[in-house]
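See structure below.
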Amino acid sequence: MARALVLSGGGVKGIFEAGVVHRLAEAGDGGWTVYCGVSAGALNVFMAAQNRIQEMARLWVDQARRGMPAFRSKLDAANLAVHAIAPGLLTYADLRATDGLYDNRELAEILEPFAAGLAQRLHTLGHTLRIGVVCLQTGEYVAADPTTDVEPGSIVPLVLASTAIPLAFDPVELVLNAPGARCSGRRLQFVDGGVRNITPLADAIGAAKQSGADLDTIDVVLASPQDPAGADREFHGLLELGLRAEEILTNEIFQNDLAMFIRANALAGLYAELVSDTADVKSHLLAKKLAAALPGSEAYRGMRLRIIQPTPESWRAFTGRKDADVSLEFPGDLDRNGELLQLVHGYGRWLAEHTEFHRIVSARPGD
């Protein structure tokens, strides 16, 4: 039986994911062979799939201590001085000319050593990796295999594309050769896979099937907190408003994905029961109809889904404060507060150990 690790997007909140994954691996609660991620999750699975989890965690903590230099604003001091003199026209011109407000060149340099020899390392380990991106021209979401769907020199650009939050970062130009995708074979623009698929559950199931792995468990780590109803928080600024709108959309996508998983799991279980009733012709007819209506649903049968996510209850327990509010105190996607980010990393490690806060969705009896 195989296990998959699925990591969501969330900008710098990927440091929380790194804490969770690092602690799970240290405690021997990993053992994943399929790795799928989008946005910040793509950064993390890119390193984790190579068994370089300790390096992944260390890089995040180092970035937090230094104020996240891998995500620099494009407006340097000289530009800001000019804008102070003639703000109106220059700001308008900048908004029309720029594709993103932040520069990720340092991030590209950080990732380069992890790209060298990627295919051979994954093959030796027996690991499967998928990076989710969205094509701006076709609107397609693609779960790309960095060992086959891009040239070796485009592995880092593929990961950068998955982290390219619209408005925050420039789209990344790539030639993708993903079978069946309309965006294949042409140099097109790609952005954050989280725009359409914040938690790529289906990617994990598809990748496992393609690699011949018998997948029975998926560990999902969500970087953003559950939003309690009526959270008292205000949002201001074009970028913050845009990111919040995207977060609302992607949270809805995850809830729909989770509902689909639960339904598919239940229906696949029903299908197995109908097929097992060899003496009942009617049961076999119903099983055939069910299989025709839900092709591929048998892949979900008996699968166990573990969800690890920031929640109000676990945040209060971690901080030791009854008035702690995770929706107000958790960092934003582009937060640079080093102390807060390191705290969140520690929270991820703590939450990995406290299984009472993990959510289990399963069709297995007794789970």
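The sole residue among ARG364, ARG304 that is out of contact with any helix residue (DSSP H, G or I) (no Cβ under 6 Å at 6 or more places or on another chain), modelled with pLDDT under 65 and open to solvent by 40 Å² or more (accessible area, probe 1.4 Å) is ARG364. Scanning segment 315-335 for residues that are out of contact with any Pro (no Cβ under 8 Å at 6 or more places or on another chain), surrounded by 17 or more Cβ atoms within 10 Å (Cβ to Cβ) and assigned to a loop (DSSP other than H, G, I, E, B) gives PRO331, GLY332, ASP333, LEU334, ASP335.
One line per residue, one yes/no per condition, for (1) assigned to a loop (DSSP other than H, G, I, E, B); (2) surrounded by fewer than 22 Cβ atoms within 10 Å (Cβ to Cβ):
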position: THR138; (1), (2): yes, yes
position: ALA178; (1), (2): yes, yes
position: CYS183; (1), (2): yes, no
position: PHE190; (1), (2): no, no
position: ALA204; (1), (2): no, no
position: ALA213; (1), (2): yes, yes
position: THR217; (1), (2): no, yes
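Selection of first residues in segment 344-358 that are under 12 Å from PHE318 (Cα atoms) and in a helix (DSSP H, G or I) and of second residues that are open to solvent by less than 20 Å² (accessible area, probe 1.4 Å) and polar (S, T, N, Q), restricted to Cβ pairs under 9 Å at least 6 apart or on distinct chains, gives the following pairs, ordered by first then second residue: TYR347/SER314; TRP350/SER314; LEU351/THR311; LEU351/SER314; PHE357/THR311; PHE357/SER314. Looking across segment 110-153, the residues that are among the acidic types (Asp, Glu), under 18 Å from PRO179 (Cβ atoms) and within 21 Å of the chain's Cα centre (by Cα) come down to GLU140, ASP145, ASP149. In this structure, VAL142 does not satisfy being under 20 Å from GLY185 (Cβ atoms) and either touching a Leu at 6+ places or on another chain (Cβ under 6 Å) or in a helix (DSSP H, G or I) (or both). Quick one: is GLY153 open to solvent by less than 10 Å² (accessible area, probe 1.4 Å), part of a helix (DSSP H, G or I) and either modelled with pLDDT of 95 or more or not acidic (Asp, Glu) (or both)? So GLY153 does not fit the description; no. Criterion applied to GLU106, GLU173 was being of a type in the set (Asp, Glu), surrounded by fewer than 20 Cβ atoms within 10 Å (Cβ to Cβ) and out of contact with any strand residue (DSSP E or B) (no Cβ under 6 Å at 6 or more places or on another chain), and the one residue passing it is GLU106. Tallying residues that are out of contact with any strand residue (DSSP E or B) (no Cβ under 7 Å at 6 or more places or on another chain), at pLDDT below 90 and not acidic (Asp, Glu) within segment 213-243 yields 14. Summed over segment 313-367, the residues that are in contact with a strand residue (DSSP E or B) (Cβ under 8 Å, 6 or more places away or on another chain), more than 24 Å from ASP29 (Cα to Cα) and among the acidic types (Asp, Glu) give a count of 1.
The values are calculated or read from the model by the stated rules, or taken from the named source; none is laboratory data. Worth saying up front: this structure is predicted, and the values here are computed from it rather than measured. Neighbour counts are summed over all protein chains in view; Cβ atoms, including those assigned to glycine, are modelled from backbone coordinates with ideal geometry. Protein only, heavy atoms only, side chains kept; ligands, DNA and RNA dropped before computing areas. Shrake-Rupley method; radii C 1.70, N 1.55, O 1.52, S 1.80 Å.
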